[in-house]
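Beneath this line is the structure, given in structure tokens, with notes to follow.
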């Protein structure tokens with residue numbers, strides 16, 4: 001009798017275990033990939049037509065190919081406040097579910113570094129998916145006004161920008177401070193396309209961009225000459241343009257003044273950066289970061305990247321870019337004070 005009871009109990013246990021296995025297998029088989037049937041929204045911190053917008057649209061097109069479930073994507077342009085407005089909204093409203101991403105640029109970090117009451121976000125808290133550095137910015141000047149740059153008695157050269165905080169502007173301010181450049185700074189243009197048009201039409205005289213294609217087009221048209229470039233080494237596609245450090249030569253400042261310059265241009269080494277909200281779980285970040293790296297190897301993505309960004313650009317993995325964001329966004333009080341001083345002196349926004 002006991003033997004029969006033990007046998008019956010054994011059959012029940014085995015049957016129950018098999019049922020558990022079958023049910024678990026069926027559950028695993030029916031479980032959908034995380035992104036299947038979902039839509040990712042990419043918020044862009046600039047207007048349409050510039051490098052940040054191009055980076056977002058490339059990500060919107062190619063990233064889903066390498067995400068499990070191949071989600072749909074929508075891209076929403078939200079310029080404002082040097083990137084502060086979209087960054088604030090993203091920081092306060094975006095859910096950490098991997099479905100709302102922010103395509104930012106170095107200007108978002110520069111705005112944070114500059115500070116002020118408008119800044120209610122901290123880029124160091126975002127989770128970085130990846131970045132696209134495009135090489136250092138080249139500053140150009142219209143040929144018909146070049147002689148005025150070093151003449152304090154002439155009409156000032158007009159330097160144009162979107163919001164007065166772009167990293168390349170540091171070269172023009174330090175050029176005025178230590179090389180005697182004679183300029184006047186205006187800002188408020190919506191984006192890259194509008195600034196390129198303003199330079200062509202003579203509405204502004206001096207402007208900088210990392211976009212190699214735009215630089216080459218303007219030079220080829222005979223509109224401008226290149227003055228300097230931002231990298232510590234010359235870009236391979238512009239070996240004839242001196243770096244700003246080369247241009248400064250013996251007049252390069254030391255101490256806090258130079259630290260302030262480096263802090264301003266530091267975010268440009270990251271350039272175009274795609275981020276997820278604070279608190280996004282590691283499993284989702286792993287999926288997004290792996291897809292970003294795979295996307296970068298896509299031949300068509302590379303071809304489109306060359307079209308939008310020129311010959312010199314690369315993809316930076318998210319973990320590497322995240323460290324650089326943290327380092328570039330942390331300043332001493334002395335450096336902060338010098339940045340306030342030089343912006344105020346040349347009429348650029350303080351906050």
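Among beta bridges identified by DSSP and lying wholly in the chain, the antiparallel ones come to about 55 percent.
Over the range 152-213, the Kirkwood radius and the radius of gyration, each from Cα atoms, give a ratio Rg/Rh of 0.96. Once the Cα atoms are used to define both axes, helix 333-345 deviates from the longest principal axis of the chain by about 50 degrees. Using the average count of surrounding beta-carbon atoms within 10 Å as a protection proxy, the listed peptides 206-214, 147-155, 312-320, 130-138 rank, highest first, as 130-138, 206-214, 312-320, 147-155. With coordinates expressed along the principal axes, the C-alpha atoms belonging to the range 30-98 extend over 46, 26, 12 Å, beginning with the largest. If both residues of a DSSP beta bridge must be in the range 113-240, then about 60% of such bridges are antiparallel.
Here the chain yields Rg over Rh of 1.16, to two decimals, using C-alpha coordinates and the Kirkwood radius.
Ordering 119, 293, 159 by the number of other Cβ atoms within 10 Å of each residue's own Cβ, fewest first, gives 293, 119, 159.
Which of rounded, prolate or oblate describes the range 199-351 when judged by the alpha-carbon gyration tensor and an a/c cut-off of 1.5? Here the range 199-351 falls in the oblate category. Normalised by residue count, the range 239-317 yields a Cα convex hull volume of 132 Å³ per residue. Once every DSSP H run of n ≥ 4 in the chain is given -39500 (n - 2.57) and the sum is divided by its residues, what mean residue ellipticity at 222 nm do you get, rounded to the nearest 500 deg cm²/dmol? So the calculated ellipticity at 222 nm is -14000 deg cm²/dmol.
Rounded, prolate or oblate: pick one for the range 111-200, where a ≥ b ≥ c are the square roots of the eigenvalues of its C-alpha gyration tensor, a/c under 1.5 means rounded, and failing that, prolate if a/b is larger than b/c, else oblate. The shape class here is prolate. Across the range 97-202, the mean sequence separation of Cα contacts (distance under 8 Å, 6 or more residues apart), normalised by length, yields a relative contact order of 26 percent. Within the range 205-264, all pairs of alpha-carbon atoms sorted by distance into 5 Å bins from zero give the percentages 4, 16, 24, 23, 16, 11, 6, 2, 0.
The label point for residue 319 and the one for residue 286, both projected 7 Å from the Cα toward the Cβ, are 1.2 nm apart. Label positions at residue 186 and residue 345, each projected 7 Å from the Cα along the C-beta direction, are separated by 2.4 nm. Helix 51-62 and the long axis of the chain differ in direction by around 20°, with both axes built from C-alpha atoms. With a cut-off of 13 Å on the backbone N, no residue of the range 115-136 is near the modelled label site 7 Å out from residue 302 along Cα-Cβ.
In vacuum, with every alpha carbon of the range 45-137 counted as one equal point scatterer, what does the Debye formula give for log10 I(q)/I(0) at q = 0.18, 0.22, 0.23, 0.25 Å⁻¹? Two decimals, please. So the normalised log intensities work out to -0.87, -1.26, -1.35, -1.51.
Each reported figure results from applying straightforward, stated rules to the coordinates on display, with no laboratory input. Predicted model only: the values in this text are computed from it and were never measured. Positions of Cβ are generated from backbone atoms using ideal geometry, with glycine treated the same way; all protein chains shown enter the neighbour counts.
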